[in-house]
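Undergrad: Supplied in structure tokens, the structure appears directly below.
The values are calculated or read from the model by the stated rules, or taken from the named source; none is laboratory data. Keep in mind that what you see is a predicted model, and the values were worked out from it rather than measured. Note: ideal-geometry Cβ built from the backbone for every residue, glycine included; neighbour counts use all protein chains shown. For accessibility, only protein heavy atoms count, side chains too; no ligands or nucleic acids. Shrake-Rupley method; radii C 1.70, N 1.55, O 1.52, S 1.80 Å.
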Amino acid sequence: MTEPLIIALPKGRILKEALPVLARAGIVPEAAFSDEDSRALRFTTNLPGVDLIRVRAFDVATFVAFGAAQLGIAGNDVLMEFGFTEIYAPVDLGIGRCRLSVAESSALASGDDPRAWSHVRVATKYPNVARAHFAARGVQAECVKLNGAMELAPLLGLSPRIVDLVSTGRTLAENGLVEVETIAEVSSRLIVNRAAFKTDGRVVDWVAKFRSAADAAA
Amino acid sequence: MTALLPEGLRDRLPPHAEANASLVATLLGVIAGHGYDRVQPPLVEFEESLAATVGTTKRELLRFVDPVTQRTLALRSDITGQVGRIAATRLAHVPRPLRLSYAGPVLRVKGDQLTPERERLQLGAELIGSDSVAAASEVLGVAVEALAATGLTGISIDLTLPDIVETLASHVLPQARIDRLKALLDMKDAGAMTAEGFASWLPLTAATGPLATALPALRAFDHAGLLASRLDGIEQVAAALGDVRVTLDPTERHGFEYQSWIGFSIFADAIRGEVGRGGSYRVGDGEAAVGFSLYVDGLVDAGLGATTRRRVWLPLGTPVETAAALRADGYATVAALAASDACEDCTHRWTPAGVVEEA
């Protein structure tokens, strides 16, 4: 097997935190990788057997699930949303920490009792997680799928509530929203393709390296 | 008229339909060579009897009401269970071990993310009456030999212990926690395991990979010796496989819901996901059995089973005896129906002077 391994990394927030983890595991990407303006999609590293791709967070999971990339870094928010059965998440990298929460406007929250809900409408990037979360407590959720700027939905009357990632809570506060429920604590995981994990010895070795890299940082 | 088919269904055209048939013949030929006799259960059964067999969940079954009896019927989604039913009833009196094979289409209500196909061609072999190390070794050996005969390369076997968590945890955890632990182990979700208080089980996720390293790691985790006999069995089964690459993943659960002490998945080059799977299980009133099954469609998609038959063009007026002789020689003959006919995909042409190759 001479094909290089491909590690899929998410654009944006997590990428900055992921680079030190990669470095501790011994992977240093080529210079163009950290250049936001670079239009390249696939990058080499200091290791001839390892290439990197930079894609949207949700697409990292898809690339890995289908075996197009053997390894990747993704938050458990993404894993929960897709429920891909072909992905293992053997290492918690402890980066990209935040939480997936339900939020609503402070005006609504002041007179609201979540125990009495039977139906909610929420705007979210995570319709599957949101639906499952509310269903588990007997609430039917009508989900409006948005890909960003969730905070606008309550402001403009699209939906009274949102389900979104919260790290410091500043964006929520600036838009007059408050967190009313936490659905899950989120952190980034090393994910691997199931078949690659079982058939490609290099993948098992990399999992071990990332495990010690994560332990060293903890 | 449009040719739109329902989601997950497709037409198999030449040469793939032919490849499909030739793969089935190759695989069943090897299996038959080991003394497995073919059975052919029906495509449709009463829903309750299908749902009662191992490996079938009601959710997967496409159901409808029989206009004659008004009873609910269902299309099979798995043949293993039907073979188990046959072994436990109509062939209950036949001496054990009983070796049976099968091939046929199955249908499920919904495809999954990696394989959206709803109709698939399932093929397999079941050994009923024993789930010993020798029985498991035989079944795995037959599976590997049959797949190798199709030209599949890079075959590797992933062994698992489907009932490992129950064996280790049944005295220390309530059932609900065991189910949750199994789900997390299945995804090897290290983060969630730590968060939910299962950190002491993490070594199980690390005891995976090539057998040479994973087996000692698992033996170290099994300090109470609860798994000793199972692990010895795994070691012997792996040894019997010879030079096939063998890995161990003790907590794999994908599709191993009904297996007992041993389960296995078969992987190979050029195939996404697994080629086939199998393991030990129980049929009828708890009779031990071990078997494997695979879906032929994946092999066809990987380009296997292609047959390259020489096609010879017979112009109008070619003698009937000549045509028969050519077919006996292994040619496929394509006869002209009218003088103006031509053959575009013929490799040869017959002339009164003999067969010549087409340019």
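Undergrad: Restricting to region A:90-99, name every residue that is at the interface with chain B (Cβ under 7 Å from one of its Cβ atoms) and either polar (S, T, N, Q) or crowded, with 23+ Cβ neighbours inside 10 Å (or both). Before the answer, list the steps.
TA: Let us first name the residues in region A:90-99 that are at the interface with chain B (Cβ under 7 Å from one of its Cβ atoms), namely A:90-92.
Of everything in region A:90-99, those that are at the interface with chain B (Cβ under 7 Å from one of its Cβ atoms) and either polar (S, T, N, Q) or crowded, with 23+ Cβ neighbours inside 10 Å (or both) turn out to be A:Pro90, A:Val91.
Undergrad: Collect the residues in region B:341-358 that are modelled with pLDDT of 90 or more, out of contact with any strand residue (DSSP E or B) (no Cβ under 6 Å at 6 or more places or on another chain) and open to solvent by 90 Å² or more (accessible area, probe 1.4 Å), keeping them in residue-number order.
TA: Of everything in region B:341-358, those that are modelled with pLDDT of 90 or more, out of contact with any strand residue (DSSP E or B) (no Cβ under 6 Å at 6 or more places or on another chain) and open to solvent by 90 Å² or more (accessible area, probe 1.4 Å) turn out to be B:Pro352, B:Ala353.
Undergrad: Please work out which residue is farthest from B:Val237 (Cα to Cα), limiting yourself to region B:254-300 and to residues that are of a type in the set (D, E, K, R) and within 14 Å of chain A (Cβ to nearest Cβ). Spell out the reasoning first.
TA: To start, the set of residues in region B:254-300 that are of a type in the set (D, E, K, R) comprises B:257, B:269, B:272, B:274, B:277, B:282, B:285, B:287, B:297.
Restricting the remaining residues to those that are within 14 Å of chain A (Cβ to nearest Cβ) gives B:257, B:269, B:272, B:274, B:277.
Values: B:Glu257: 21, B:Asp269: 22, B:Arg272: 25, B:Glu274: 20, B:Arg277: 15 Å.
Among those residues, the one meeting the criterion is B:Arg272.
Undergrad: Can you give me the number of residues within region A:57-89 that are among the small types (Gly, Ala, Ser), open to solvent by 10 Å² or more (accessible area, probe 1.4 Å) and either more than 11 Å from chain B (Cβ to nearest Cβ) or part of a helix (DSSP H, G or I) (or both)? Full working, then the answer.
TA: Initially, region A:57-89 is screened for residues among the small types (Gly, Ala, Ser), giving A:57, A:61, A:65, A:67-69, A:72, A:74-75, A:83, A:89.
Applying the additional criterion that residues be open to solvent by 10 Å² or more (accessible area, probe 1.4 Å) yields A:57, A:67-68, A:83.
After this cut, where a residue has to be either more than 11 Å from chain B (Cβ to nearest Cβ) or part of a helix (DSSP H, G or I) (or both) as well, the list is A:57.
Qualifying residue count for the region: 1.
Undergrad: When you go through B:Gly298, B:Gly305 one by one, which is the residue that is assigned to a loop (DSSP other than H, G, I, E, B), within 35 Å of the chain's Cα centre (by Cα) and either surrounded by 15 or more Cβ atoms within 10 Å (Cβ to Cβ) or modelled with pLDDT of 90 or more (or both)? Can you show your working first?
TA: Values: B:Gly298 fails: assigned to a loop (DSSP other than H, G, I, E, B).
Every option except B:Gly305 fails the conditions.
Undergrad: So which residues in region B:88-114 are open to solvent by less than 60 Å² (accessible area, probe 1.4 Å), within 14 Å of another protein chain (Cβ to nearest Cβ) and in contact with a Phe, Trp or Tyr (Cβ under 8 Å, 6 or more places away or on another chain), if there are any at all?
TA: Across region B:88-114, the qualifying residue is only B:Leu114.
Undergrad: Exactly one of these conditions fails for B:Val312: (1) open to solvent by less than 30 Å² (accessible area, probe 1.4 Å); (2) more than 30 Å from B:Gly104 (Cα to Cα); (3) part of a loop (DSSP other than H, G, I, E, B). Give me its number.
TA: (3)
Undergrad: Next up: Which residues, taken from region B:204-225, are away from chain A (no Cβ under 14 Å), surrounded by 15 or more Cβ atoms within 10 Å (Cβ to Cβ) and not in a helix (DSSP H, G or I)?
TA: B:Asp222
Undergrad: Of the conditions (1) of a type in the set (Gly, Ala, Ser); (2) open to solvent by less than 30 Å² (accessible area, probe 1.4 Å); (3) not in a helix (DSSP H, G or I), A:Ala40 satisfies every one except a single condition; which number is it?
TA: Result: A:Ala40 passes all but (2).
Undergrad: While we're looking at this one, here's another question. For region B:148-175, name all the residues that are within 14 Å of chain A (Cβ to nearest Cβ) and either open to solvent by 40 Å² or more (accessible area, probe 1.4 Å) or not polar (S, T, N, Q) (or both). So that I can check it myself, show each step before the final result.
TA: First, pick out the residues of region B:148-175 that are within 14 Å of chain A (Cβ to nearest Cβ): B:152-160.
B:Leu152, B:Thr153, B:Gly154, B:Ile155, B:Ile157, B:Asp158, B:Leu159, listed by residue number.
Undergrad: Within region B:58-105, which residues are of a type in the set (Ser, Thr, Tyr) and either modelled with pLDDT under 95 or more than 24 Å from B:Asp297 (Cβ to Cβ) (or both)? Break it down stepwise before answering.
TA: At the first step, the residues of region B:58-105 found to be of a type in the set (Ser, Thr, Tyr) are B:69, B:72, B:77, B:80, B:89, B:101-102.
Across region B:58-105, the qualifying residues are B:Thr69, B:Thr72, B:Ser77, B:Thr80, B:Thr89.
Undergrad: Can you work out which of the residues in region A:134-156 that are open to solvent by 20 Å² or more (accessible area, probe 1.4 Å) and among the small types (Gly, Ala, Ser) is nearest to A:Asp77 (Cα to Cα)? Walk me through how you get there before you give the answer.
TA: From region A:134-156, those open to solvent by 20 Å² or more (accessible area, probe 1.4 Å) are A:135-138, A:140, A:142-149, A:151-152, A:154-156; that's our starting set.
Subsequent filtering for residues that are among the small types (Gly, Ala, Ser) retains A:135-136, A:138, A:148-149.
On the way: A:Ala135: 18, A:Ala136: 17, A:Gly138: 22, A:Gly148: 15, A:Ala149: 17 Å.
Restricting to residues being open to solvent by 20 Å² or more (accessible area, probe 1.4 Å) and among the small types (Gly, Ala, Ser), the top hit is A:Gly148.
Undergrad: All but one of (1) modelled with pLDDT of 90 or more; (2) within 14 Å of chain B (Cβ to nearest Cβ) hold for A:Gly201; which doesn't?
TA: Every listed condition holds for A:Gly201 apart from (1).
Undergrad: Which of (1) outside any helix (DSSP H, G or I); (2) within 13 Å of another protein chain (Cβ to nearest Cβ); (3) among the hydroxyl-bearing types (Ser, Thr, Tyr) does A:Thr168 not meet, given it meets every other one?
TA: All conditions pass for A:Thr168, except number (2).
Undergrad: Same structure again: Of everything in region B:41-55 that's touching a strand residue (DSSP E or B) at 6+ places or on another chain (Cβ under 9 Å) and open to solvent by 70 Å² or more (accessible area, probe 1.4 Å), which residue is nearest to B:Ala125 (Cα to Cα)?
TA: B:Leu43
Undergrad: Can you go through A:Ser159, A:Ser106 and tell me which one is hydroxyl-bearing (Ser, Thr, Tyr), more than 14 Å from every other protein chain (Cβ to nearest Cβ) and open to solvent by 30 Å² or more (accessible area, probe 1.4 Å)?
TA: Details: A:Ser159 fails: open to solvent by 30 Å² or more (accessible area, probe 1.4 Å).
Being hydroxyl-bearing (Ser, Thr, Tyr), more than 14 Å from every other protein chain (Cβ to nearest Cβ) and open to solvent by 30 Å² or more (accessible area, probe 1.4 Å) holds for just one of A:Ser159, A:Ser106, which is A:Ser106.
Undergrad: How many residues are closer than 16 Å to B:Leu294 by Cβ and open to solvent by 30 Å² or more (accessible area, probe 1.4 Å) if we restrict to region B:115-139? Can you show your working first?
TA: In the first step, residues of region B:115-139 are kept if they are closer than 16 Å to B:Leu294 by Cβ; the result is B:115, B:117, B:119-127, B:139.
Then keep just the ones that are open to solvent by 30 Å² or more (accessible area, probe 1.4 Å); that gives B:115, B:117, B:119-121.
The number of residues fulfilling the criteria is 5.
Undergrad: Now for a separate question. Here is a list: A:Asp164, A:Asp112. Which entry is touching a Ser or Thr at 6+ places or on another chain (Cβ under 7 Å), farther than 30 Å from B:Asp269 by Cβ and of a type in the set (Asp, Glu)? Can you show your working first?
TA: Values: A:Asp112 fails: touching a Ser or Thr at 6+ places or on another chain (Cβ under 7 Å).
Going through A:Asp164, A:Asp112 in turn, just one is touching a Ser or Thr at 6+ places or on another chain (Cβ under 7 Å), farther than 30 Å from B:Asp269 by Cβ and of a type in the set (Asp, Glu): A:Asp164.
Undergrad: So which of A:Pro90, A:Pro160, A:Pro114, A:Pro154 is closer than 30 Å to A:Asp200 by Cβ and in contact (Cβ under 8 Å) with a residue 24 or more places away in the chain?
TA: Details: A:Pro160 fails: closer than 30 Å to A:Asp200 by Cβ; A:Pro114 fails: closer than 30 Å to A:Asp200 by Cβ; A:Pro154 fails: closer than 30 Å to A:Asp200 by Cβ.
Matching residue, one of A:Pro90, A:Pro160, A:Pro114, A:Pro154: A:Pro90.
Undergrad: Among the residues of region B:12-40, what is the count of those that are surrounded by fewer than 16 Cβ atoms within 10 Å (Cβ to Cβ), touching a helix residue (DSSP H, G or I) at 6+ places or on another chain (Cβ under 9 Å) and modelled with pLDDT of 95 or more?
TA: Here the count works out to 3.
Undergrad: Kindly evaluate A:Arg194 against the criterion of being within 8 Å of chain B (Cβ to nearest Cβ) and closer than 15 Å to B:Leu248 by Cα. Give the steps one after another, and end with the answer.
TA: Working: within 8 Å of chain B (Cβ to nearest Cβ): yes; closer than 15 Å to B:Leu248 by Cα: yes.
When the stated conditions are applied, A:Arg194 passes them.
Undergrad: Is region B:87-99 home to any residue that is part of a helix (DSSP H, G or I) and more than 18 Å from the chain's Cα centre (by Cα)? Working first, answer last.
TA: Filtering region B:87-99 for residues part of a helix (DSSP H, G or I) gives B:87-88.
Right, trim to more than 18 Å from the chain's Cα centre (by Cα) and you get B:87-88.
Looking for residues that are part of a helix (DSSP H, G or I) and more than 18 Å from the chain's Cα centre (by Cα), one finds at least one in region B:87-99, hence yes.
Undergrad: Something else now. Working only within region B:273-290, note down all residues that are part of a strand (DSSP E or B) and over 27 Å from A:Asn193 (Cα atoms). Walk me through how you get there before you give the answer.
TA: Of all residues in region B:273-290, those part of a strand (DSSP E or B) come to B:276-283, B:287-290.
Listed by number, the residues that qualify are B:Tyr281, B:Arg282, B:Val283, B:Glu287, B:Ala288, B:Ala289, B:Val290.
Undergrad: Here is a follow-up. Identify the single condition in (1) farther than 15 Å from A:Glu81 by Cβ; (2) within 14 Å of chain B (Cβ to nearest Cβ) that A:Ala216 does not satisfy, given that it satisfies every other one.
TA: The single condition A:Ala216 does not satisfy is (2).
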